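See below for the structure under consideration.
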Amino acid sequence: MIIDFILLFFLVVSAIAAIRMKDLLSTVILLSAYSLIMAVVWTRLNAVDVAFTEASVGAGITTVLLIAALSRTRRWEGNGQREGFKSSKLFDSHSLLSFIAVLVTGAVLVYGTLDMPDYGDPDAPSHHHVAPRYIKGSLEESGVINMVTALLANYRGYDTLGETTVIFTAGTSVILLLRKKRAQ
């Protein structure tokens, strides 16, 4: 259990450090580290497929795309002052409204988790309704002997196709946006 608190600590530290950085390359590196730590968290939660996706997409592809985007822009963040935005107060109306929106959203999310079953609870509804159906019906419905392969390839195939389509579209869009224009 102590390792979970250590991972949470590193997640919070890397997130705060990424927000505070003015060097955008350092921010990209910190966000990549955040993704790698999240991959370890997903592995600790026995969600290896999600951990693999987080490591490959979050720490791998996203880092490469962000560094490619950074190569076409400035490495350092500006002074943070936008034209027409010169507020010296700690909390202006925009910041206060954003803070309230974050608090309300967080409260709704916490409220939504209050009636969830405990982690690993054998009496959880998924153990009585979903899992038995997959265990009993995966061979007949899919024709695949390995149940894990049947779940990932047949039951989650459209989900994986959707994820792949989103990643391909994002990558193609970034390439199109960052390509060099040829001199005419």
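Within region 132-184, the set of residues being charged (D, E, K, R) and touching a residue at least 60 places away in the same chain (Cβ under 8 Å) comprises just one member, GLU163. Among the residues of region 36-46, those identified as assigned to a helix (DSSP H, G or I) and either free of Cβ contacts under 8 Å to residues at least 24 places away in the same chain or within 9 Å of LEU11 (Cα to Cα) (or both) are LEU36, ILE37, MET38, ALA39, TRP42, THR43. Only helices (runs of 4 or more DSSP H) whose full extent lies in region 106-184 are considered here, and the ones with at least 3 residues that are within 26 Å of the chain's Cα centre (by Cα) are 147-150, 157-178. VAL144 meets the stated requirement of being surrounded by 13 or more Cβ atoms within 10 Å (Cβ to Cβ) and at pLDDT 80 or above. Determine, yes or no, whether LEU103 is surrounded by 10 or more Cβ atoms within 10 Å (Cβ to Cβ) and closer than 22 Å to ASP49 by Cα. Against the criterion (surrounded by 10 or more Cβ atoms within 10 Å (Cβ to Cβ) and closer than 22 Å to ASP49 by Cα), LEU103 does not qualify.
Yes or no, residue by residue, for (1) assigned to a helix (DSSP H, G or I); (2) under 13 Å from the mean Cα position of the chain (by Cα); (3) touching a residue at least 12 places away in the same chain (Cβ under 8 Å); (4) over 21 Å from SER173 (Cβ atoms):
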residue: ILE3; (1), (2), (3), (4): yes, no, yes, yes
residue: SER32; (1), (2), (3), (4): yes, yes, yes, no
residue: ASP49; (1), (2), (3), (4): yes, no, yes, yes
residue: GLY58; (1), (2), (3), (4): yes, yes, yes, no
residue: THR62; (1), (2), (3), (4): yes, yes, yes, no
residue: LEU65; (1), (2), (3), (4): yes, no, yes, no
residue: LEU70; (1), (2), (3), (4): yes, no, yes, no
residue: THR73; (1), (2), (3), (4): no, no, yes, no
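The values are calculated or read from the model by the stated rules, or taken from the named source; none is laboratory data. The model shown is predicted, which means the values in this text are computed figures rather than measured ones. Cβ sites come from the backbone with ideal geometry, for glycine too, and all protein chains shown count toward neighbours.
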